[in-house]
Amino acid sequence: KCGFMQKIIISVCCGHMVRVVADICGSDPDVEIAAGIDLLTQPMEGFPVFATPAACRVEADAVIDFSHPAALGGLLDFCTGRRLPIVLATTGYSEEQLAQISQAAKTIPLFRSANMSLGVNVLMDLVRRAAALLGEDFDVEIEERHHRRKLDAPSGTALMLADTAASTLPYGTEYVYDRHSVRKPRDRREIGISSLRGGTIVGDHTVVFAGRDEVIELSHHAARREVFAAGAVKAAKFLASVDEPGLYDMSHLIAKDRGE
């Protein structure tokens, strides 16, 4: 849409991500932040901040959510009521909340990804190919590392990588999160998922394919949160080109960039 300035509402649980997204939007002539939603209502230069979605009356073209699973219900009501597309960049949803997301996607364009980084989505493609090629001859283990303040474990990205590997392995898989209480050899069908929390680690993910006398490791390291914010803004711009309600993810965005 030539000359279209997209206005975005950003929902967060801390001021840091608002500033990150604001900086990205400030360097993009096609996007601007129209408002923020933050329970703390920290004042921000350039746009108003509201404590709840219901309090926000600002006109916008899309919402980006970097907040908390607890905020989902209010955000979905806000977006479906105003027919606003939304980008969900939050993880840790319950099964009931995932069902709410699927229901909302029948009314509005909804973009959801456990990780907004382009690099992670390339990693997913590599994991898919490796699992298909290595098959039953290699065990699959996943390790993820995040900062000490992250609430959910394992990370949504780790589960996304596990699902990606499981989708192409030639056998039914079982996810194993804790080996401490189980004293038995590793079952060949297992996908082990390990979590580490500490310091200010932004996000590291490694998928290990361990075979007889050889090991293949595929890894992604996020040095700054900007990679996730940039991906979310790109996803919001993608939704501006979407005419139909539905559940969209990075595969749709990448396909569009490729002209597919």
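Of the residues making up the range 53-105, those that are buried (at least 19 other Cβ atoms within 10 Å of the Cβ) and hydroxyl-bearing (Ser, Thr, Tyr) are 67, 90, 91. Residue 99 meets all of the listed conditions (1) touching a Pro at 6+ places or on another chain (Cβ under 6 Å); (2) farther than 23 Å from residue 26 by Cα but one, namely (1). Looking at the range 198-206, can you tell me whether even one residue there is without any contact (Cβ under 8 Å) to a residue 24 or more places away in the chain and open to solvent by 50 Å² or more (accessible area, probe 1.4 Å)? No, that holds for no residue. Within the range 238-260, residues that are under 15 Å from residue 109 (Cα atoms) reach partners that are at pLDDT below 85 and surrounded by fewer than 14 Cβ atoms within 10 Å (Cβ to Cβ) with beta carbons closer than 9 Å, at six or more positions or on different chains, in the pairs 238/256; 238/257; 240/1; 240/4; 241/1; 241/256.
Every residue, every condition in (1) under 23 Å from residue 91 (Cβ atoms); (2) at pLDDT 95 or above; (3) among the small types (Gly, Ala, Ser); (4) open to solvent by 60 Å² or more (accessible area, probe 1.4 Å), yes or no:
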site	(1), (2), (3), (4)
183	no, no, no, yes
188	no, no, no, yes
192	yes, yes, yes, no
223	yes, no, yes, yes
237	yes, no, no, yes
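If you take just the strands (runs of 3 or more DSSP E) that sit entirely in the range 1-103, which of them hold at least 1 residues that are under 16 Å from the mean Cα position of the chain (by Cα)? It would help to see each step written out before you state the result.
Working: elements: 6-12, 31-37, 62-66, 86-88.
Because the criterion is at least 1 residues that are under 16 Å from the mean Cα position of the chain (by Cα), the strands (runs of 3 or more DSSP E) in the range 1-103 that meet it are 6-12, 62-66, 86-88.
Please go through the range 200-255 and pick out each residue that is outside any loop (DSSP other than H, G, I, E, B), out of contact with any helix residue (DSSP H, G or I) (no Cβ under 6 Å at 6 or more places or on another chain), aliphatic (A, V, I, L, M) and farther than 22 Å from residue 158 by Cβ. Selection gives 236, 239, 255.
The values are calculated or read from the model by the stated rules, or taken from the named source; none is laboratory data. Fair warning: this is a prediction, and the values are worked out from it, not measured in the lab. Cβ coordinates were reconstructed from backbone atoms using ideal geometry, including for glycine residues, and neighbour counts include every protein chain displayed. Surface areas here come from the heavy atoms of the whole protein model, side chains and all, with no ligands, DNA or RNA. Shrake-Rupley method; radii C 1.70, N 1.55, O 1.52, S 1.80 Å.
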